[in-house]
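Chemist: Below you'll find the structure I mean.
Only the coordinates and a few stated rules stand behind these numbers; no lab work does. Just so you know, these numbers come straight off a predicted model, no measurement behind them. Cβ sites come from the backbone with ideal geometry, for glycine too, and all protein chains shown count toward neighbours.
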Amino acid sequence: MSGEQEPRSYYVGVDVGTGSVRAALVDQRGVLLAFADQPIKRWEPQFNHHEQSSEDIWDACCVVTKKVVQGIDLNQIRGLGFDATCSLVVLDKRFRPLPVNHEGDSHRNVIMWLDHRAVSQVHRINETKHSVLQYVGGVMSVEMQAPKLLWLKENLRETCWDKAGHFFDLPDFLSWKATGVTARSLCSLVCKWTYSAEKGWDDSFWKMIGLEDFVADNYNKIGNQVLPPGTSLGSGLTPEAAKELGLRPGVPVAASLIDAHAGGLGVIGADVRGHGLICEGQPVTSRLAVICGTSSCHMGISKDPIFVPGVWGPYFSAMVPGFWLNEGGQSVTGKLIDHLVQGHPAFPELQAKATARCQSIYAYLNSHLDLIKKAEPVGFLTVDLHVWPDFHGNRSPLADLTLKGMVTGLKLSQDLDDLAILYLATVQAIAFGTRFIIEAMETAGHSISTLFLCGGLSKNPLFVQMHADITGMSVVLSQEVESVLVGAAILGACASGDFTSVQVCEDLGAGLDPSSV
């Protein structure tokens with residue numbers, strides 16, 4: 001009948017971060033229509049040991065997905081995509097959780113991405129100087145999976161290692177849980193497991209580091225079926241998973257992405273025409289996506305492989321198909337700001353005043369800095385106070401996990417002004433870390449002109465402004481602030497078959513904020 005509109009198509013994106021699970025309902029134009037989040041549990045049984053529960057995470061995925069699809073005709077939901085932190089999930093041969101701790105608590109079966117227990121293991125791996133290390137900046141990080149796997153073999157042989165049937169990167173665990181398909185995403189295996197998109201696994205590496213077990217069983221435990229992100233898995237949602245998520249069985253489910261890579265996918269292909277931005281007409285390879293939350297990741301792509309000392313990659317097709325990815329990063333950014341602000345003696349006063357104004361503590365601090373600045377720009381308040389931000393080691397470009405943090409220029413006073421200035425100095429230190437990474441990438445051959453920011457910290461105007469001031473580059477913000485969730489929904493849209501490729505799907509969420517810095 002004339003005048004009738006075609007039914008709208010919807011896609012669900014689910015993002016598992018460090019402290020919460022979030023979900024969004026996105027339409028075919030990339031507009032986010034519904035959002036929900038749910039905290040997840042974390043355990044720190046000893047210093048540098050960080051654990052989670054895959055069952056708790058899945059339960060949270062079900063809660064948020066049910067919320068965002070309330071009131072929607074489930075037949076119009078065309079695809080589902082997951083992204084998650086690159087944490088390590090351990091299951092036995094019957095897919096039941098196994099303990100990754102000395103206490104034998106099998107509920108805690110996830111070694112988190114920021115876990116640094118495997119220090120001696122990563123040192124030994126790096127001493128091999130194996131050729132696979134050239135694809136991780138020359139030095140493997142303790143946050144990758146090989147050292148964690150070696151730690152489990154050497155420390156939890158009877159309770160975990162000998163019983164293990166499956167080691168999943170968390171994004172791959174979620175897609176398996178939804179579909180029953182154990183295939184791994186090319187993204188997670190290439191970025192965190194030393195897999196090569198061109199050559200596959202390198203037997204000699206695993207034998208050299210003492211994990212020949214994987215070679216012997218044809219990599220069955222860590223993945224011998226590898227699919228590009230966005231590929232539709234099996235027959236879609238299983239009846240059991242569909243019931244738990246509040247969706248219909250058979251909904252296409254995509255091969256997943258690591259969370260930072262979903263954010264990069266959500267912003268790096270944005271259409272910038274018509275906003276008067278300096279990057280209009282420049283190649284996509286001139287953009288650096290900075291995904292900033294608990295940690296920060298700096299994602300740059302190139303047509304040819306570029307080897308950057310201390311920066312992960314080059315990884316082929318790990319984020320955008322057909323392009324090589326380099327990934328710089330700072331192990332703690334949002335977590336570092338929280339740590340320094342919450343540990344200051346004036347924090348209770350800050351909390352009380354922010355609550356009285358119905359503001360977040362960071363919105364209050366930003367306004368307080370504006371109050372105490374003199375005629376000069378706010379950045380000059382830190383002329384005598386400096387922070388070295390490597391409280392959790394340096395991921396890039398120094399690639400030194402032994403580094404520690406430092407604050408210089410402290411005084412005897414401990415009032416709210418001092419707290420605000422320490423907060424500012426911390427934000428500046430993080431921005432200088434980004435500049436340090438950009439300089440290393442450009443020295444190696446990248447040509448970067450514009451930063452595309454997303455993630456929680458990109459909602460903080462001071463954080464954005466300091467990145468623009470300190471890097472001297474234009475900063476672009478997406479109109480849709482939840483770029484990571486849009487990236488996850490792009491995967492679902494690609495799996496649905498409604499779009500022919502991930503690149504075409506990138507038109508989702510391409511809207512830009514006209515107030516770009």
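Chemist: Please label the shape of the range 160-229 as rounded, prolate or oblate, based on the square roots a ≥ b ≥ c of the eigenvalues of the alpha-carbon gyration tensor (a/c under 1.5 means rounded; beyond that, a/b larger than b/c means prolate, else oblate).
Modeler: Oblate shape, in that a/c is at least 1.5 and b/c is the bigger or equal ratio.
Chemist: Normalized C-alpha radius of gyration of the range 207-333, against 2.2 N^0.38 Å?
Modeler: Here the answer is 1.34, to two decimals.
Chemist: Using the Cα atoms of the range 22-86, I'd like the radius of gyration and the largest Cα-Cα distance, Dmax, both in angstrom.
Modeler: 14.9, 48
Chemist: Moving to a separate point now. Could you list the trypsin sites (Lys or Arg not before Pro) in the range 356-428 that lie in coil according to DSSP, counting only those with at most 11 other Cβ atoms within 10 Å of their Cβ?
Modeler: Filter output for the range 356-428: Arg357, Lys374, Lys404, Lys411.
Chemist: What spacing in nm lies between the two simple spin-label points modelled at Thr500 and Thr443, each 7 Å away from Cα in the Cβ direction?
Modeler: A separation of 4.3 nm, rounded to one decimal place.
Chemist: Mind giving me the FRET efficiency for Gln225 and Glu349? R0 is 35 Å, r the Cβ-Cβ distance, nearest 0.05 is fine.
Modeler: Here the calculated transfer efficiency is 0.05.
Chemist: For Arg42 paired with Asp415, estimate the spin-label separation in nm (one decimal), with each label point 7 Å from Cα along the Cα-to-Cβ line.
Modeler: 3.4 nm
Chemist: With a sphere of radius 10 Å drawn around the Cβ of Asp15, what net charge do the other residues whose Cβ falls strictly inside it have (Lys, Arg +1; Asp, Glu -1)?
Modeler: -3
Chemist: Follow-up question, since we're still on this one. Using DSSP to call loops (not H, G, I, E or B), can you name the GluC sites (Glu not before Pro) in the range 149-228 whose Cβ has at most 16 other Cβ atoms within 10 angstrom?
Modeler: Glu158, Glu198, Glu212
Chemist: Using 0.36 nm per residue of separation minus the Cα-Cα distance, give me the extension gain between Gln282 and Ser196 in nm, one decimal.
Modeler: Full extension from Gln282 to Ser196 adds 28.0 nm.
Chemist: So how many Å³ per residue does the convex hull of the Cα atoms of the range 71-144 work out to?
Modeler: Taking only Cα atoms, the range 71-144 has a hull volume of 197 Å³ per residue.
Chemist: Once the convex hull of the C-alpha atoms of the range 240-305 is built, how many Å³ does it hold per residue, rounded to a whole number?
Modeler: Measuring per residue, one finds 176 Å³ for the Cα hull of the range 240-305.
Chemist: Could you work out the percent of alpha carbon pairs in the range 42-190 separated by over 27 Å, rounded to a whole number?
Modeler: Details: 3056 of 11026 pairs.
Summing the P(r) tail past 27 Å for the range 42-190 gives 28 percent.
Chemist: Please tell me the relative contact order of the chain in percent, rounded to the nearest whole number, where contacts are Cα pairs under 8 Å and at least six residues apart.
Modeler: Relative contact order comes out at 18 percent.
Chemist: So if I take the centroid of the Cα atoms in the range 335-390 and the same for the range 36-74, what is the distance between those two points in Å?
Modeler: Between the Cα centres of the range 335-390 and the range 36-74 lies a distance of 30 Å.
Chemist: Now for a different question. Excluding residues on the same chain fewer than 8 positions from Lys199, give the lysines whose Cα lies under 30 Å from its Cα.
Modeler: Lys93, Lys129, Lys148, Lys153, Lys163, Lys177, Lys207, Lys221, Lys303
Chemist: Quick one: 3J(HN,Hα) in Hz for the range 138-153, Karplus 6.51/-1.76/1.60 with θ = phi - 60°, rounded, Gly and Pro as x.
Modeler: Each residue's phi maps through the Karplus curve to give x, 9, 6, 8, 5, 7, 8, 8, 4, x, 5, 4, 5, 4, 4, 5 Hz.
Chemist: Using only the alpha carbons of the chain, what is the convex hull's orientation-averaged projected area in square nanometres?
Modeler: Taking a quarter of the hull surface, the average projection is 25.3 nm².
Chemist: Tell me which of Ala216, Gly180, Trp201 sits at the most positive position along the dipole axis of the range 172-235, charges placed on C-beta atoms (Lys, Arg +1; Asp, Glu -1).
Modeler: Gly180
Chemist: How large is the dipole of the chain about the Cα centre if only Lys and Arg carry +1 and Asp and Glu carry -1, each at its Cβ, rounded to the nearest 20 debye?
Modeler: 400 debye
Chemist: Rg to Rh for the range 329-418: what is it, with Cα atoms only and Rh by Kirkwood? Intermediate values should be presented prior to the final figure.
Modeler: Details: Rg = 14.9 Å, Rh = 14.8 Å.
Rounded to two decimals, Rg over Rh is 1.01.
Chemist: Hey, what number do you get for the chain at 222 nm if only DSSP H runs of n ≥ 4 count, each worth -39500 (n - 2.57), divided across all residues, to the nearest 500?
Modeler: -9500 deg cm²/dmol
Chemist: Hey, another quick one. Which Cα, out of Asn155, Gly281, Val122, lies furthest along the positive dipole direction of the chain (beta carbon charges, K/R +1, D/E -1)?
Modeler: In the chain, that residue is Asn155.
Chemist: Where does the range 198-238 land on Rg/Rh, using Cα atoms and the Kirkwood Rh?
Modeler: With Rh from the inverse mean 1/r over Cα pairs, Rg/Rh is 1.11.
Chemist: When only Cα pairs under 8 Å and 6 or more residues apart are kept, what is the percent relative contact order across the range 1-108?
Modeler: Computed over the range 1-108, the figure is 28 percent.
Chemist: Projecting each Cα onto the charge dipole of the chain (Lys/Arg +1, Asp/Glu -1 at the beta carbon, about the Cα centre), which of Asn326, Gly81, Gly293 comes out farthest on the positive side?
Modeler: Looking along the dipole axis, the top candidate is Gly81.
Chemist: If Rh is defined by the Kirkwood formula over all Cα pairs and Rg also comes from Cα, what ratio Rg/Rh do you get for the range 265-354?
Modeler: 1.15
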